Amino acid sequence: MVNILPFRGLRFNSMKINDISKVIAPPYDIISPQQKQYLRQMHQYNIVHLTLPEEKGVTDKYENAKRILAEWVDSGNLKFDESPCFYLFEEDFTEEGKQKSFTGLVGLLKVEEYGRGRVLRHEMTLSKPKEDRLNLLRSCRANFEFIYTIYNDHEEKITGILKQQKNKPPAIEADANYDSRLKFKFWQINDAGAISDITKFMDEKTLLIADGHHRYETSRLYREESLKNKNTGCSRSHSGFSDIICKDTPEDYVLALFVSSNQEDISIHPTHRVIKFSKMINPEDLLLSLRNILTCKK
C-alpha cells in the first residue's frame, strides 16, 4: 500500500511576512552559488538559509541551520498549523512561450524499501549529496523540501476531490521573486471526509519518484539510523519539531508532492550529466550501440 498522512505544516506566518515571494526558493540542488547569495540577500527569512546553510564561526552549517530554524519558530515567523491537513499545490509556469499549470497534493509519505514495488525509482543516487542531506536532516529533524512523485488517477477519484477544494480561497497566492515565469497557489485541506477519501484512494496507488531520489534515500537511511538508535537505547537530543508534525513515528515519513499523471501540462526535464570515457570513442559507434536500448536523436 501507499501509506500517506496529513500533518501540521510548519509555514511562514503571513502576519509577520506579508510577501511570500521573497522567502521561497528553487530546489536546493539547482541553485547556483550566485543565486544562493541573491536569495540570501533578498530576505533574512528566505528558505535558502535552511536548505543551503552556511557555517557561522565555529558552528558547522548543519548546526547553524538547526539554530536558525529554532529562532524562526521562537520568533513566530514560522508557525505550525493548528490541525493536521493535506495541502493542495498549484503551479503556473511558462514553457516555450506557453502558459501551463499543474496541481499536486502535499502530504507525508511512509518510507518503504524499493523492493516492495509501490514506490518506484528511476535513477541511482550519489553518496556525497546523500551525506549532505542526511547531516541536515539529523540536525534539524525537518523536511524543508518535498520529493516529487507521479501516480495514475485515470478515474479521477483524487482529482475530483482536489477540484472541489479549489473552490475555496487559497491560503497562499504568490509569484516567485527568483523567476517571473512561476506563480503558486496553496490550499489547506482540513475537511475530515476529504482527508479520509484521499488517504483511502491513495492506498491503492503506485508512485514513481520523478524528482527527489536523494531526499527519499536520505529519509530511508535516517529512518534506519533512528530505529537502530531506539533499539540500542541511545538517546538523541533534538528540536522536537517533527514530533509536533505527526503523532506517528516521524522518522518513518517523508514530505512528498503527489501529482496525477493525467494532466496535460506536467513537464519533467532530464538532468544533463557529463560522461567521461577512459579512451577516445567514435560518436557514431556510441550511437549505434545505444540504439539497442534507447531512442536516440542527434
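The values are calculated or read from the model by the stated rules, or taken from the named source; none is laboratory data. Quick caveat, the model's predicted, so the values are computed rather than measured. Here the Cβ positions follow ideal geometry from the backbone for every residue, glycine too, while neighbour counts run over all protein chains shown. The protein model used for the area step is the full one, side chains on, heavy atoms only, and it has no ligands, DNA or RNA in it. Shrake-Rupley method; radii C 1.70, N 1.55, O 1.52, S 1.80 Å.
If the chain linking ASN282 and GLU156 were pulled fully straight, counting 0.36 nm for each residue of separation and taking away their Cα-Cα distance, it would gain 40.5 nm. Where the alpha-carbon atoms of the range 1-86 are placed on the principal axes, they occupy 39, 36, 27 Å, in descending order. With all protein chains in place and a 1.4 Å probe, the accessible surface of the chain carries 51 percent carbon and sulfur. Note on LYS185: aspartates and glutamates with a C-alpha under 19 Å away, same-chain residues under 8 apart excluded, are ASP19, ASP81, GLU90, GLU91, ASP92, GLU95, GLU145, GLU173, ASP175, GLU264, ASP265. Extension gain, LEU120-ASN229: 0.36 nm per intervening residue step, less the Cα-Cα distance, totals 36.5 nm. Its relative contact order, with pairs defined as Cα atoms under 8 Å and 6+ residues apart, puts the chain at 27 percent. For the residue pairs LYS79/LYS205; LYS16/LYS128; LYS66/LYS163; LYS100/LYS130; LYS36/LYS279; LYS100/LYS168, the C-alpha atoms sit more than 29 angstrom apart in LYS79/LYS205; LYS16/LYS128; LYS66/LYS163; LYS100/LYS130; LYS36/LYS279. Which of rounded, prolate, oblate describes the range 100-186, given a ≥ b ≥ c as roots of the alpha-carbon gyration tensor eigenvalues and a/c under 1.5 marking rounded, otherwise prolate only if a/b is larger than b/c? Oblate shape, in that a/c is at least 1.5 and b/c is the bigger or equal ratio.
Tell me, what is the per residue accessible area of the chain in Å², probe radius 1.4 Å? Don't skip to the answer; put the middle values down first.
On the way: 17120 Å² over 298 residues.
Ligands and nucleic acids excluded, the figure is 57 Å² per residue.
Averaging the sequence gap over all C-alpha pairs within less than 8 Å and six or more residues apart, then dividing by the number of residues, gives the range 117-192 a relative contact order of 17 percent.
What value does the chain have for Rg/Rh, both radii from Cα atoms and Rh as Kirkwood defines it? Mind dumping the intermediate values first?
Numbers: Rg = 20.4 Å, Rh = 21.0 Å.
The Rg/Rh ratio comes out at 0.97.
Here the range 83-107 and the range 11-74 have alpha carbon centers that stand 22 Å from each other. Shown here for the range 81-122: GluC sites (Glu not before Pro) in loop regions (DSSP other than H, G, I, E, B) with at most 12 other Cβ atoms within 10 Å, namely GLU82, GLU96, GLU113. Loop-resident GluC sites (Glu not before Pro) (DSSP state other than H, G, I, E or B) in the range 4-78 with no more than 15 further Cβ atoms inside 10 Å of their Cβ: GLU54, GLU55. Only Cα pairs under 8 Å and 6+ residues apart enter the sum, and on that basis the relative contact order of the range 44-188 stands at 27 percent.
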